[in-house]
Amino acid sequence: MLIERCVGPVDIGDKPLAQAMVEQYWMKDRERLLSCARRHLALRDYYADRDAGLGGKAVKK
């Protein structure tokens, strides 16, 4: 799960959007962005913990 490709932004098409749709798409984009960032941070932390363990050092959190 940590190495899954991040989902890109919402495809808004080429037609004008109502304010409600802009807000809905914005919220979906934010969810996707935060999910991606959390996954990448978790993966980074995993590798840091693993590498520290292999080197005999504890990672400070």
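Taking the dipole about the Cα centre of the chain, with the C-beta of Lys and Arg at +1 and of Asp and Glu at -1, give me whichever of GLY13, LEU34, GLY55 is farthest to the positive side.
Result: GLY55.
Can you pull out the GluC sites (Glu not before Pro) in the stretch 1-54 whose DSSP state is coil and whose Cβ has at most 12 other Cβ atoms within 10 Å?
Numbers: sites: GLU4, GLU23, GLU31; in loops: GLU4.
Passing sites in the stretch 1-54 are GLU4.
Under unit Cβ charges (Lys, Arg +1; Asp, Glu -1), what dipole magnitude, rounded to 20 debye, does the chain have relative to its Cα centre?
The dipole magnitude comes to about 360 debye.
What nm distance separates the two modelled labels at LEU17 and LEU41, each placed 7 Å from Cα along Cα→Cβ?
Taking the two extended label points, one gets 2.5 nm.
Rounded to the nearest 500 deg cm²/dmol, what is the calculated helix-only ellipticity per residue at 222 nm for the chain, with -39500 (n - 2.57) per DSSP H run of length n ≥ 4?
Helix contribution divided over all residues of the chain: -21500 deg cm²/dmol.
Does anyone have the angle between helix 19-54 and the longest principal axis of the chain? Alpha-carbon axes, 0 to 90°, nearest 10?
Helix 19-54 and the main axis of the chain meet at about 10 degrees.
Quick check of the Kirkwood formula: for the chain, what is the inverse mean of 1/r over all pairs of different Cα atoms, in Å?
On the way: mean 1/r = 0.0706 Å⁻¹.
For the chain, inverting the mean 1/r across all distinct Cα pairs yields 14.2 Å.
I want to check the label-to-label distance for VAL7 and LYS28. Put each point 7 Å from Cα in the C-beta direction and report it in nm to one decimal.
About 0.8 nm separates the two model spin labels.
Only the coordinates and a few stated rules stand behind these numbers; no lab work does. This one's a predicted model, so the numbers in the text were calculated from it and none came from an experiment. Here the Cβ is made from the backbone with ideal geometry for all residues, glycine too, and neighbour counts use every protein chain on show.
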